[in-house]
Amino acid sequence: MTPARQYCTFRLDGHLFGVEVGEVQEVIRFQEMTKIPLAPEVVSGLINLRGQIVTAIDLRPRLGLPARSDDHLPMNVVVHSDDYWISLLVDEIGDVIEVDESLFEDAPETLSGSAKELILGAFKLENELLLALNTKLAITIDTDGARSGSAEESAVAGR
């Protein structure tokens, strides 16, 4: 029997993405954000999550997708990375699904730009592909073209 993985799923621009359940702290509705002056485009701001300051990264520009319409508020998938949490802004939250490891394939050749780097691979489901997101890379922001750091480090340093 092939081992299975559990993924917390979400949608962006109609595509199904997933993050391994073990990386997810929680999933929450839209939270008001405090904008960060001079922050990279992908950093939408900071949210206060029960006293914890969390950097919010919009996955649409991070993956090279078109901007979300103003009448649709994003949802938050809060993931943990080492000593801090990061919120990934997504269009819709899906279910937690279990997928068989044998269904895993390399990332589709049709991916381009930053999406190609951020997708670990795909699972062929019955009616669509589940794109597995590399959260470690998704929260790493290139702040000046020469160096990169985590979104939390960028927000704290004001870069």
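The values are calculated or read from the model by the stated rules, or taken from the named source; none is laboratory data. Not measured: the values here are computed from a predicted model. Cβ: placed from backbone, ideal geometry, glycine included. Neighbour counts: every protein chain shown.
The residue list P108, P37, P61 contains one member that is touching an Asp or Glu at 6+ places or on another chain (Cβ under 6 Å) and either under 24 Å from L130 (Cβ atoms) or surrounded by fewer than 18 Cβ atoms within 10 Å (Cβ to Cβ) (or both), which is P61.
Would you point out which residue out of V54, V77 is assigned to a strand (DSSP E or B), within 12 Å of the chain's Cα centre (by Cα) and not aromatic (F, W, Y)?
Of V54, V77, the one residue that is assigned to a strand (DSSP E or B), within 12 Å of the chain's Cα centre (by Cα) and not aromatic (F, W, Y) is V77.
For segment 62-85, the condition holds for at least one residue, the condition being that it is at pLDDT below 95, under 22 Å from K124 (Cβ atoms) and in contact with a helix residue (DSSP H, G or I) (Cβ under 8 Å, 6 or more places away or on another chain). Only a single item in (1) modelled with pLDDT of 95 or more; (2) surrounded by 16 or more Cβ atoms within 10 Å (Cβ to Cβ); (3) among the β-branched types (V, I, T) is not met by V96, and it is number (2). Do we find a residue being exposed (fewer than 14 other Cβ atoms within 10 Å of the Cβ), more than 16 Å from N134 (Cβ to Cβ) and over 16 Å from the mean Cα position of the chain (by Cα) anywhere in segment 10-32? Checked segment 10-32: at least one residue is exposed (fewer than 14 other Cβ atoms within 10 Å of the Cβ), more than 16 Å from N134 (Cβ to Cβ) and over 16 Å from the mean Cα position of the chain (by Cα).
Looking at L12, L46, L59, which is the one that is aliphatic (A, V, I, L, M), touching a Lys or Arg at 6+ places or on another chain (Cβ under 7 Å) and in contact (Cβ under 8 Å) with a residue 12 or more places away in the chain?
Working: L46 fails: touching a Lys or Arg at 6+ places or on another chain (Cβ under 7 Å); L59 fails: touching a Lys or Arg at 6+ places or on another chain (Cβ under 7 Å).
Sole residue among the options that is aliphatic (A, V, I, L, M), touching a Lys or Arg at 6+ places or on another chain (Cβ under 7 Å) and in contact (Cβ under 8 Å) with a residue 12 or more places away in the chain: L12.
Starting from segment 116-141, keep only residues that are of a type in the set (K, R), then list their pairs with residues that are part of a helix (DSSP H, G or I) whose Cβ atoms are within a distance under 6 Å, requiring at least 6 positions of separation or different chains. Taking only residues 6 or more apart or on different chains, the pairs are K124/L103. Taking each residue of segment 79-94 that is in contact (Cβ under 8 Å) with a residue 40 or more places away in the chain and closer than 12 Å to D58 by Cβ and looking for partners that are surrounded by 15 or more Cβ atoms within 10 Å (Cβ to Cβ) and among the aromatic types (F, W, Y) with beta-carbon atoms closer than 6 Å, six or more apart or interchain, yields V90/F10.
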